[in-house]
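> Below is the structure I would like to discuss, written out as structure tokens.
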Amino acid sequence: MAFQKAIRGTALVGGGALATVLGLSHFAQYRRKQANLASVQAVDCFNIQLKELPSRETQLTSLQSNTEFDILVIGGGATGAGCALDAVTRGLRTALVERDDFSSGTSSRSTKLIHGGVRYLQKAIVNLDYEQYRMVKDALHERANLLEIAPHLSHALPIMLPIYKWWQLPYYWIGIKLYDLVAGANCLKSSYVLSKSRALEHFPMLQKDKLVGAIVYYDGQHNDARMNLAIALTAARYGAAIANYVEVKNLLKRKDPVSGKLQVCGARCMDMLTGCEFEVRAKCVINATGPFTDTLRKMDNQCTENICQPSAGVHIVMPGYYSPENMGLLDPATSDGRVIFFLPWEKMTIAGTTDSPTDITPHPIPSEEDINFILNEVRNYLSCDVEVRRGDVLAAWSGIRPLVTDPSSKDTQSISRNHVVDTSDSGLITIAGGKWTTYRAMAEDTIDVAVKNHNFKVGPSRTANLFLQGGKEWSPTMYIRLVQDYGLENEVAQHLASTYGDKAFEVAKIASVTGKRWPIVGIRLVSEFPYIEAEVKYGIKEYACTAVDIISRRTRLAFLNVQAAEEALPKIVDLMAKELNWCEERKKEELECATRFLYYEMGYKSRSEQLTDCSEISLQPSDIERYKKRFHMFDKEQKGFITIIDVQRVLESIDIQMDENTLHEILNEVDLNKNGLVELHEFLQLMSAVQKGMVSGSRLAILMKTAEENLGSRSSIPVDRSCGGL
Ligand SMILES: Cc1cc2nc3c(=O)[nH]c(=O)nc-3n(C[C@H](O)[C@H](O)[C@H](O)COP(=O)(O)OP(=O)(O)OC[C@H]3O[C@@H](n4cnc5c(N)ncnc54)[C@H](O)[C@@H]3O)c2cc1C
């Protein structure tokens, strides 16, 4: 009651402005309902026959044998793939080269939001900045479009803003209502206010003290790497020659017969998998290399000024129980003024911040400092019943945002809030800045410039409303057919449908038979994730060339749980070796390279450093006694260490079967000096780290505790009946 009164009071204070906001917002909603006007509705808008996906070899041949393309795009992130799709669907002969894998750069390392940016709107209003307002409005339109053209890969997500001070309620409420209003017909769902008790019902882990209530608004969320891939593959199906692992080494130039000036006319490329070099010729070359924008600009003109001001953002992944399944959280003002997101994603929880300045590298590494900053912020707004443990960080990554200054602007120091399309003197078109959500609009602007510069005789962009691969025949209940027709597990079927859309049937068709009564097909890569072996084979059709491509962008295992990804690696490498005829040496290289990737880029290093040779043991004497007792249940002979045989013996006595390889892995995690044994001090170090929350989910710690409990409960069995055993 008091809460309602307060809202009413606030609404009165807000007066006319608020009424206008609400009135207009509701009017927009009303109009939308009346006209049944989803302002964006995807269609199959033109009659180009979609091709089967050509193999990578065919694509390479096409890149090398074509005398001249109209457009060559450099960079296979969201922006480059978007440009290729825009160009090819206008009827331009299009090529795209990516030096690593599609989406291996920033585009797979985002917060996964499809959004207009509530905080940008706040800035637009506070600073009365029309440019910023336009940017939010356009992004909200693109948000609606992306949700429509790839419904399998994206969805609307409610996001909660917890309110801890009464004055924040009207302030944020007006802001969020304006966000709905600016979206207009593209508003996903109307925002609403929650009382304290309702907020806690939706988000039980929230810090209760001082909580006043919450505001919930909607944005989109997606699987960024898969979305990027879907854009690139759609371009390929429309006829673009695209290839990953092809790096541009130099730009080709020729003298323009009319102006006499040197003009960019293609690129010298290298197939990074074979070392083979070749030239790709094109009338127009587009630089869509994200953080590497200036490297390409300098290939064109050594003296050109840098325009990219890279800025890094780190994300961590925590178990799903940290957030409700379908409610995100945004803290717009953290302790140091950054914004923090806390979002459910792929049944896990992502937490991440906005950016800090960085150097440019193709392999950014999340720092322990950033990881701890995020953990501390998370602690601030979760209930103290929820122990936020360092050991619960399952993966972490860093991404580099390619912020740019506009080279044609007078103020070359100020970072452009929008994207920039720039044509150099020699005709190289650079597209940079912007954000994931607006990739399509950025691509449209870029190809418009290309069309104008080269007088291509083609019409306007056709990508608004154009379904991406997998989206057209997808429906929310499609997964049921996968269960019923193929005998897949429910969870696997749902995962396939939401990853491949209507192409999920192609994956189901090649799924291996399990040999079990149920599920009939679909052998998992690791038990706790719904990824199946068939996805490795299918991933190769989708141009996966390395084990890293499979663990990080075809599946998202590396982004969800580095340990699970490491566990799946040997199987993935074996499956790839079969398909791609890898020799033993290549298999070894792949394993090493993928393990290195997990170690440095996906936070495994930080995770494993939580337990090191010099980790301090800080346990109470009583705990030390307790853990020694547990250790000696395994080390019966009091040797001072335990081996695989000791663990196997105890497990067998309590009817737990475990294969030797798994046991070896389990012990290896704790065997800090790598002598093949777990010594007492190593075990105590582990237990100390577990107590401090630095390590969680240690299989050895859990197994030993379970064994102790089981053996304890059996102690009532008389010695004569237990054959004098343990
Ligand atoms: C931490 C973080 C969170 C973000 N969250 C969001 C979000 O939630 N929502 C949102 O809308 N936006 C978000 N963004 C912004 C968004 O991710 C980026 O704007 C977008 O992904 C940039 O895409 P891109 O294609 O320009 O760059 P990239 O994805 O980096 O692609 C550039 C590609 O060019 C390739 N390349 C470079 N040099 C060469 C060469 N010589 N030859 C061939 N290829 C080359 C690279 O390998 C790379 O794959 C976020 C950004 C960051 C950093």
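Laboratory data are not the source of any read-out in this text; all were calculated from the coordinates shown. Computed from a predicted model, the values in this text were never measured in an experiment. We place every Cβ from the backbone using ideal geometry, glycine too, and count neighbours over all the protein chains shown.
> Over the Cα atoms of the range 478-608, what Rg and Dmax result, in angstrom?
Gyration radius and largest Cα-Cα distance of the range 478-608: 14.7, 44 Å.
> Near the amide H of LEU157, under 5 Å away, which other amide H atoms are found, from residues 5 or more places off or on another chain, if H is placed in the peptide plane?
ASP219, GLY220, GLN221
> In the P(r) worked out for the range 78-122, what percent of Cα pairs fall beyond 13 Å?
Values: 656 of 990 pairs.
Distances greater than 13 Å cover 66 percent of the Cα pairs.
> How high is the FRET efficiency from THR274 to ALA156, r the C-beta distance, R0 56 Å, rounded to 0.05?
Result of the calculation: an efficiency of 0.80.
> List, largest first, the extents of the alpha carbons of the range 541-591 along their principal axes, each in whole Å.
Principal extents (Cα only, largest first): 29, 22, 13 Å.
> Could I ask something else about it? Report the label-to-label distance for THR706 and THR643 in nanometres (one decimal), using points 7 Å from each Cα along the Cα→Cβ vector.
The answer from the label model is 2.4 nm.
> Return P(r) of the range 621-721 (all Cα-Cα pairs; 10 Å bins starting at 0; whole %; ordered from short to long distances).
P(r) over the range 621-721, rounded to whole percents: 14, 50, 30, 6, 0.
> Give the aspartates and glutamates whose C-alpha is closer than 20 Å to that of LYS628, dropping any in the same chain fewer than 8 places away, or say none.
Result set, ordered by chain and number: ASP613, GLU616, GLU637, ASP646, GLU669, ASP671, GLU679, GLU682, GLU708, GLU709.
> Compute the long axis of helix 621-634 from its Cα atoms, compare it with the longest principal axis of the Cα atoms of the chain, and write down the angle in degrees, 0 to 90, nearest 10.
Long axis of 621-634 versus the principal axis of the chain: about 80 degrees.
> Which is farthest toward the positive dipole end of the chain among THR358, LEU121, TRP518, measuring Cα position about the Cα centre, with Cβ charges +1 (Lys, Arg) and -1 (Asp, Glu)?
Value computed over the given set: LEU121.
> Report the FRET efficiency, 1/(1 + (r/R0)^6), for SER65 and SER408, where r is their Cβ-Cβ distance and R0 is 35 Å, rounded to 0.05.
Computed FRET efficiency for SER65 and SER408: 0.40.
> Would you mind computing the Rg to Rh ratio of the chain from its alpha-carbon coordinates, Kirkwood style for Rh?
Numbers: Rg = 27.9 Å, Rh = 27.9 Å.
Using Cα coordinates only, the ratio equals 1.00.
> Taking the convex hull of the alpha carbon atoms in the range 62-166, what volume per residue do you get, in Å³?
Roughly 156 Å³ of hull volume per residue.
> Could I ask something else about it? Taking the dipole about the Cα centre of the range 556-633, with the C-beta of Lys and Arg at +1 and of Asp and Glu at -1, give me whichever of PHE559, ALA577, LEU591 is farthest to the positive side.
Highest projection toward the positive end goes to PHE559.
> Taking the Cβ of SER688 as the center, what net charge do the other residues with Cβ under 10 Å away carry, scoring Lys and Arg +1 and Asp and Glu -1? Walk me through the intermediate numbers first.
Working: positive: LYS692; negative: GLU616, ASP623.
Combined, the nearby Lys, Arg, Asp and Glu give -1.
> Could you tell me the center-to-center distance, by alpha carbons, between the range 276-290 and the range 86-130 in angstrom?
Between the Cα centres of the range 276-290 and the range 86-130 lies a distance of 21 Å.
> If you add up the charges near MET348, with Lys and Arg at +1 and Asp and Glu at -1, over every other residue whose beta carbon is less than 12 angstrom from its beta carbon, what do you get?
-1
> Any chance you could list the semi-axes, whole Å, largest first, of the equivalent ellipsoid that the Cα gyration tensor gives for the range 273-426, using √(5λ)? Before the final figure, lay out each step's value.
Numbers: eigenvalues 290, 73, 35 Å².
Each semi-axis is the square root of five times an eigenvalue, giving 38, 19, 13 Å.
> How much length, in nm to one decimal, is gained on full extension between SER527 and ASN581, taken as 0.36 nm per residue of separation minus their Cα-Cα distance? Write out the running numbers ahead of the final one.
Details: separation 54, 0.36 × 54 = 19.44 nm, distance 2.68 nm.
Gain on stretching SER527 to ASN581: 16.8 nm.
> Under a point spin-label approximation (7 Å from Cα along Cα-to-Cβ), what is the ASN453-LYS123 distance to one decimal in nm?
It works out to 2.8 nm between the two label points.
> Also: Round to the nearest 0.05 the FRET efficiency obtained for ARG596 and HIS664 when R0 = 25 Å and r is the Cβ-Cβ distance.
Computed FRET efficiency for ARG596 and HIS664: 0.75.
> Work through the residues other than ILE163 whose Cβ is under 10 Å from its Cβ and net out their charges, Lys, Arg +1 and Asp, Glu -1.
So the environment of ILE163 carries a net charge of +3.
> Quick check: the distance between the Cα centres of the range 665-715 and the range 566-620, to the nearest angstrom?
When both Cα centres are located, 21 Å separates them.
> Quick one: putting +1 on the C-beta of Lys and Arg, -1 on the C-beta of Asp and Glu, what dipole do you get for the chain around its Cα centre, in Debye to the nearest 20?
2400
> What is the count of Lys pairs in the range 478-608 whose alpha carbons sit under 15 Å apart, if the two are 8 or more places apart or on different chains?
The result is 11.
> Sticking with this one: Semi-axes, largest first, in whole Å: what does sqrt of 5 times each Cα gyration tensor eigenvalue give for the range 427-555? Don't jump to the answer; show the numbers that get you there.
Working: eigenvalues 294, 56, 28 Å².
Largest first, the range 427-555 gives 38, 17, 12 Å.
> Treating only the Cβ of Lys, Arg, Asp and Glu as charged (+1, +1, -1, -1), what charge dipole size does the range 621-721 show about its Cα centre? Round to the nearest 20 debye.
In total the dipole reaches around 340 debye.
> Between SER259 and SER653, how many nm apart are label points set 7 Å from Cα along the C-beta direction?
8.4
> Which cross-chain or sequence-distant (5 or more) residues have an amide H under 5 Å from the amide H of LEU428, H modelled 1.01 Å from N in plane?
For LEU428, the qualifying residues are VAL264.
> Let me ask something else. Rg/Rh for the range 179-307: what does it come to with C-alpha atoms and Rh from Kirkwood?
A ratio of 1.24.
> Another question, then. For the range 543-683, what mean projected area does the convex hull of the alpha carbons give, in nm²? Show your work: numbers first, answer last.
On the way: hull surface 42.7 nm².
The number I arrive at for the range 543-683 is 10.7 nm².
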